[in-house]
1. So which residues in segment 193-224 are in contact (Cβ under 8 Å) with a residue 40 or more places away in the chain and either more than 18 Å from Tyr174 (Cα to Cα) or touching a Phe, Trp or Tyr at 6+ places or on another chain (Cβ under 6 Å) (or both)?
2. If you go through segment 432-451, how many residues are within 14 Å of Leu407 (Cα to Cα) and either part of a strand (DSSP E or B) or not assigned by TED's automatic domain parsing to the domain that holds Ala491 (or both)?
3. Touching a strand residue (DSSP E or B) at 6+ places or on another chain (Cβ under 6 Å), over 23 Å from Pro617 (Cβ atoms), surrounded by fewer than 16 Cβ atoms within 10 Å (Cβ to Cβ) and not assigned by TED's automatic domain parsing to the domain that holds Gly184: does that describe Asp24?
4. Do we have Ile89 as surrounded by 11 or more Cβ atoms within 10 Å (Cβ to Cβ) and modelled with pLDDT of 90 or more here?
5. At pLDDT below 90 and surrounded by 19 or more Cβ atoms within 10 Å (Cβ to Cβ): which single residue out of Ala241, Ala247 fits that description?
6. For segment 548-573, enumerate the residues that are of a type in the set (D, E, K, R) and at pLDDT below 85.
7. Given the criteria under 19 Å from Tyr513 (Cα atoms) and part of a strand (DSSP E or B), does Leu474 qualify?
8. Which residue, of Asn120, Asn59, Asn113, is assigned to a loop (DSSP other than H, G, I, E, B), within 31 Å of the chain's Cα centre (by Cα), outside the structural domain of Leu185 (by TED's automatic domain parsing) and not β-branched (Val, Ile, Thr)?
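The values are calculated or read from the model by the stated rules, or taken from the named source; none is laboratory data. None of these values were measured; they are calculated from a predicted model. In this analysis, Cβ positions are derived from the backbone assuming ideal geometry, glycine residues included, and neighbour counts consider all displayed protein chains.
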Amino acid sequence: MMQTPDYQAIFEAVPNLHLILAPDQGFTILAASNAQLRATHTSREQSIGRPVFEVFCKNPDEPEEFGTSVLRASLERVLRTRAPDRMAITKYDIRRPEAEGGGFEVRYWSPLNVPVLDGNGEVRYIIHQVEDVTAGVLQRDAGSLNHPDERFRAALLASGTGTFNWTLSDGSLYFDSALEQIFGLTLGQKVTSLDDFVRHVNPEDAEQVRLAFEHYAHGEDFTVEFRIARAGTDKWLACKAKAFRDADGKLSYVAGACTDISARKRAEHALRVSEIRLRQLNEHLEARVAAEVAERTRTEEALRQAQKMEAVGQLTGGIAHDFNNLLTGIIGSLDLMQRRHRRGDTGDVERYICAAVTSAQRAAALTQRLLAFSRRQALDLKPVDVNRLVASLEDLLHRTTGENIKLVTSLSGGLQPACMDVNQLESALINLVINARDAMPHGGQIHLSTSSYYHGVVPDPKKRGLTEGEYILLRVTDTGTGMPPEVIERAFEPFFTTKPIGQGTGLGLSMVYGYIKQAKGYIQIESVPGAGTSVCLYLPVHKGETTPVEVEPERAPQGMGETILVVEDESVVRSLVVEVLNDLGYQTLEAGEATEALTITESNQRIDLMVSDVGLPGMNGRQLAEIVRQQRPGLKVLFATGYAESFIANDFLGPDMGVITKPFAIDAFATKVGEMLGPQDE
């Protein structure tokens with residue numbers, strides 16, 4: 001007689017770690033395997049019938065911990081798609097038994113969430129299966145860089161973008177999990193070759209996709225739009241990729257991104273249908289015409305929204321490639337240094353150090369460009385001698401443009417100082433010169449000129465938005481390829497770029513436009529295809545007798561034994577800042593949080609300056625400064641932060657307060673500290 005299997009006993013005995021969750025708002029735990037209970041230090045009585053996020057709550061000691069958020073997002077995707085969802089390796093700490101000291105212990109998991117459907121196709125249960133991979137992650141140096149970050153995967157899914165890598169030597173193809181989900185692959189189904197890729201493409205678009213991959217294999221940039229082969233509504237994707245070469249200069253692999261553009265395609269189709277119907281309407285049917293115009297307006301708005309989302313997806317793919325390249329330079333250089341060190345060979349270490357530092361500086365610059373675009377900058381408007389600024393940058397610009405480009409300057413004498421932020425104006429000028437260089441791949445000439453300009457009351461149709469007043473005109477002219485009118489019209493749009501993926505994010509000109517407009521200036525592009533481009537910056541003249549700001553760099557001042565309190569919760573950053581200050585001749589005190597800092601400030605210890613991070617745990621740096629200034633009136637405070645959006649408010653910085661943005665160069669930090677402490681007595 002056949003025995004009926006005891007599925008409950010089987011479930012509890014399997015060595016894999018499983019939870020059975022209900023598809024309710026809290027994802028209540030219905031069952032747990034013995035292996036799961038042992039691995040997470042929990043009991044069946046503590047778990048069954050309770051929401052999963054009550055049993056496995058967030059680690060309160062790590063406010064930035066992301067495990068609970070990405071797990072909930074994955075479970076909600078399962079409910080929405082009714083399909084399995086494999087998460088990236090995720091950090092999710094668990095409670096430590098009280099007998100072992102309590103608190104939380106670090107754990108890394110590889111989770112898989114699988115729906116169990118009823119007869120109507122609705123989710124009845126969710127099987128939450130995990131594998132503990134903590135040991136493997138902690139054993140690898142920089143382990144977090146070797147695994148897809150679940151937050152980055154969530155961002156890709158939100159923008160409808162996935163990435164792939166194609167190895168040219170063996171033809172192997174790899175999809176990331178986001179692209180697998182976009183293609184609608186079932187659990188365990190993989191795309192490992194170009195033929196597999198094409199089998200998932202609508203037959204009408206297959207030849208175009210193969211042609212695109214032929215271009216990629218020859219190192220050529222190519223964009224292709226295609227439909228995925230599936231029943232029902234078409235899903236459109238836009239694919240863009242870039243080929244990379246190995247150490248011998250041979251094409252090695254292709255990295256690309258596919259973005260879901262279905263919304264844009266539907267909007268374009270609806271717009272075309274609307275236009276056809278509008279042309280066919282009888283001119284006497286005014287009511288029908290009005291209705292169609294309203295529908296057209298709604299359709300155009302939908303198209304603009306779809307284009308915005310597509311731009312975000314393309315930006316995400318571009319930034320991903322940029323950072324992958326930069327991380328390769330950093331990690332590769334460090335790995336080679338480590339190998340040389342183990343062999344006792346230090347001959348080429350300096351070259352690898354320079355390579356790693358250069359890549360890190362480029363990554364920091366890219367981060368600052370993204371932060372600059374994401375918020376309005378707190379500009380430091382002061383009188384600037386534009387001629388002196390241009391002259392001080394000539395050597396740098398010569399090195400930037402290269403030997404096949406001639407840099408010429410024509411600076412008018414007797415100019416009044418402009419009212420600008422000197423650092424942002426330098427950044428704008430360097431951006432424009434780099435754009436001019438890129439427009440002349442075979443060489444040419446860049447002409448920098450300055451002159452006075454007065455804009456009268458009568459409006460100029462070519463300079464709409466330029467108000468009456470005196471300006472300094474700074475013009476950057478090249479002899480490059482020029483721009484057609486449609487490119488000029490979009491040149492200042494965020495994310496717009498004519499460069500291939502991985503070579504530009506479309507933020508440069510939009511940032512220059514933002515700086516100039518915020519300083520009450522004006523920017524204009526004059527260009528003819530094939531005849532070069534002129535970018536004209538109209539900089540408002542400073543009103544007053546103040547001496548223009550010096551643009552030459554100053555030497556970092558040395559300390560004279562002053563005592564500086566450093567408040568920073570990141571121990572590595574704190575130790576570096578303290579070491580820099582000690583090297584400069586300062587005495588230092590350090591604290592990891594506001595409470596520890598207050599213990600020091602309440603004492604009789606001498607303190608000449610407090611350097612504090614803004615984003616401290618608990619009490620933030622600005623609140624700490626308020627309390628400390630009550631204890632020690634007149635104490636100077638320098639804030640250091642990586643994201644200074646709150647500094648836009650005019651009342652954020654009080655008297656004797658300053659700010660420096662992370663990451664900062666040591667000389668820049670030393671100079672800022674010297675400025676805060678004031679001139680030294682001889």
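1. The one that is in contact (Cβ under 8 Å) with a residue 40 or more places away in the chain and either more than 18 Å from Tyr174 (Cα to Cα) or touching a Phe, Trp or Tyr at 6+ places or on another chain (Cβ under 6 Å) (or both): Asp221.
2. 6
3. Spelling it out, it is not the case that Asp24 is touching a strand residue (DSSP E or B) at 6+ places or on another chain (Cβ under 6 Å), over 23 Å from Pro617 (Cβ atoms), surrounded by fewer than 16 Cβ atoms within 10 Å (Cβ to Cβ) and not assigned by TED's automatic domain parsing to the domain that holds Gly184.
4. no
5. Ala241
6. Result: Glu550, Glu552, Glu554, Arg555, Glu570.
7. yes
8. Being assigned to a loop (DSSP other than H, G, I, E, B), within 31 Å of the chain's Cα centre (by Cα), outside the structural domain of Leu185 (by TED's automatic domain parsing) and not β-branched (Val, Ile, Thr) holds for just one of Asn120, Asn59, Asn113, which is Asn59.
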